[in-house]
1. Considering only 68, 94, 281, give the residue with the highest GNM mean-square fluctuation for the chain, with springs between Cα atoms whenever their separation is below 10 Å.
2. Mind computing the radius of gyration and Dmax over the alpha-carbon atoms of the range 299-376? Å is fine for both.
3. Roughly how many whole Å is it from the C-alpha centroid of the range 42-100 to that of the range 223-245?
4. Express in nm, to one decimal, how much length is gained between residue 103 and residue 234 on full extension, taking 0.36 nm for each residue of separation and deducting their alpha carbon distance.
5. If the chain between residue 305 and residue 335 were fully stretched, how many nm would it gain, using 0.36 nm times the residue separation less the Cα-Cα distance?
6. Sorted by mean Cβ packing within 10 Å, highest first, what order do the peptides 188-199, 306-317, 353-364 take?
7. Starting from the alpha-carbon convex hull of the range 21-216, give the projected area averaged over all orientations, in nm².
8. Suppose each label sits 7 Å from its Cα in the direction of the beta carbon; what would the residue 172-residue 112 distance come out to in nanometres?
């Protein structure tokens, strides 16, 4: 079944030569073509991701069934940087959907303190990686093999030639590699489509038995993203032109970790010229709220869960009654509630809804777009905004040291 033929959510032919309001030639001159294209193609990329998961549903279900047969199994979601945030977003939904004890641990923690995290009996290690060439990613696999009596490796990656994807050729433990569509392998420094497509694949795999019924929700978030790209990119461009020096992103539940990825995206794309912070709506009250000043941009990632939104609404009202910052942006599925923000991005125009966890896939787009325009505002090249190469597409300079119980003691 080809879900992409005659699909109403695909990019219209007349817009394929422009991204975020710029021609491809302009973007090339600005050093921004990869980033703009990779942000703009996400609605189509998610549909392709659903199709790939659907095509491999029997293989994925069988692999998970073998792992879940172990009663003492622990599930670890891992990655480095943005890829680690995927695990953070998924931790709650994966536990809820599979009823298996699930934790999100960055590879950067796993390799320094493996004895703290690996179950010596049975572990399902789900590794997320764009390139799969970060030294920590492969090291985490080897340490899991060393510590666990039984380990299952599910590798979700965008690069078929990466060291992580090719590790299955030599690994003797049960290993399944799930490759994302070719377009997911972002060429720009900042991860955009790679983050959202790997996140979506994780959500779909956690509900693999429902994959056929989930197609409608994937189509819906694709529609939400197209709405953001078509109807809000100019408003986000205007917001990016404001003189803010700080940006704060707030979210609840899985959206809290999307707020984390959002803050990283703006900070990366502006080469640290905008200092960013994230938190939960409730957690922000406990001290961090003090960072708001007259040069602060506030971005609220609102849940579509009415119970959760009560806490979110209270926090917004509390901020408005005091130092409310320079400008505020709200991202919501539906505007049927009272929102007191300067720019409200309403995702759903037809009254339809998706499960809260699926909002995590599309709610990061405004930050990607905001960071893109702010990068240009500073005269940077979004494809490679780090002027002094402080950060690189694949991390450099990490030495992996051999581990033994003796040298690992405190």
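Just so you know, all these numbers are worked out from the coordinates, no wet-lab data involved. Here the structure is a predicted model, which means the values were calculated and not measured. Please note: Cβ atoms are built from the backbone with ideal geometry, for glycine as well, and neighbour counts cover all protein chains shown.
1. 68
2. When restricted to the Cα atoms of the range 299-376, Rg and Dmax are 13.0, 39 Å.
3. 31
4. Working: separation 131, 0.36 × 131 = 47.16 nm, distance 3.87 nm.
Computed gain between residue 103 and residue 234 is 43.3 nm.
5. Working: separation 30, 0.36 × 30 = 10.80 nm, distance 1.30 nm.
Full extension from residue 305 to residue 335 adds 9.5 nm.
6. Details: 188-199: 27.8, 306-317: 15.2, 353-364: 24.1.
Per-residue mean Cβ counts within 10 Å order the peptides as 188-199, 353-364, 306-317.
7. Numbers: hull surface 45.2 nm².
Average of the hull's projected areas for the range 21-216 equals 11.3 nm².
8. Label-label distance for residue 172 and residue 112, simple model: 3.2 nm.
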